[in-house]
Amino acid sequence: QVQLVESGGGLVQAGGSLRLSCAASGRTFSSYAMGWFRQAPGKEREFVAAIRWKPDTPYFTHYADSAKGRFTISRDNAKNTMYLQMNNLKPEDTAVYSCAARGDFALAAVQRTGEYDYWGQGTQVTVSS
């Protein structure tokens, strides 16, 4: 019912920046939660950031400790697109980044993968030393 497509990944030098996009299509929701997760080879999938919104409220954003101060999550409702601006990238940021969504403002825990109903296929981010 909802399709998510990530884009914007690539190869950058340490200290560089990338902006990831997650375009949603299909059914839209007036209330939602969306998140970014990443997974490096041999590691578990890791929460990066999330954003929640419902009518007549501001956006609520959440960040993993590793992302605070470097990454910014945002949403353009008119384009049904979520973004992750990543600055000061480090080699340890190298991973496949996936976006996820749920048509609900309230989640028990935004960092849990099981809270989300829809997932994209991911985009590769590689940060060289």
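In segment 64-74, how many residues are of a type outside the set (A, V, I, L, M) and buried (at least 19 other Cβ atoms within 10 Å of the Cβ)?
Final tally of qualifying residues: 1.
How many residues are part of a loop (DSSP other than H, G, I, E, B), of a type in the set (A, V, I, L, M) and farther than 15 Å from PHE47 by Cβ if we restrict to segment 73-121?
Result for segment 73-121: 2.
Residue-wise test of (1) of a type in the set (D, E, K, R); (2) within 20 Å of GLU6 (Cα to Cα); (3) within 14 Å of the chain's Cα centre (by Cα).
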position: PHE60; (1), (2), (3): no, no, yes
position: SER66; (1), (2), (3): no, no, yes
position: PHE71; (1), (2), (3): no, yes, yes
position: SER74; (1), (2), (3): no, yes, yes
position: ASN88; (1), (2), (3): no, no, no
position: GLY120; (1), (2), (3): no, yes, yes
position: THR126; (1), (2), (3): no, yes, no
position: SER129; (1), (2), (3): no, no, no
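Which residues, counting only those in segment 6-29, are open to solvent by 50 Å² or more (accessible area, probe 1.4 Å) and outside any loop (DSSP other than H, G, I, E, B)?
Scanning segment 6-29 gives SER7, LEU11, GLN13, ARG19, SER25, GLY26.
Does segment 9-59 hold any residues that are touching a Cys at 6+ places or on another chain (Cβ under 9 Å) and hydroxyl-bearing (Ser, Thr, Tyr), and which are they?
The one that is touching a Cys at 6+ places or on another chain (Cβ under 9 Å) and hydroxyl-bearing (Ser, Thr, Tyr): SER21.
When the residues of segment 84-129 are narrowed to those that are of a type in the set (Lys, Arg) and surrounded by fewer than 17 Cβ atoms within 10 Å (Cβ to Cβ), which ends up farthest from ARG52 (Cα to Cα)?
Among those residues, the one meeting the criterion is LYS90.
The values are calculated or read from the model by the stated rules, or taken from the named source; none is laboratory data. This is a predicted model, so every value here is computed, not measured. Backbone-built Cβ (ideal geometry, glycine too); neighbour counts: all protein chains shown. For accessibility, only protein heavy atoms count, side chains too; no ligands or nucleic acids. Shrake-Rupley method; radii C 1.70, N 1.55, O 1.52, S 1.80 Å.
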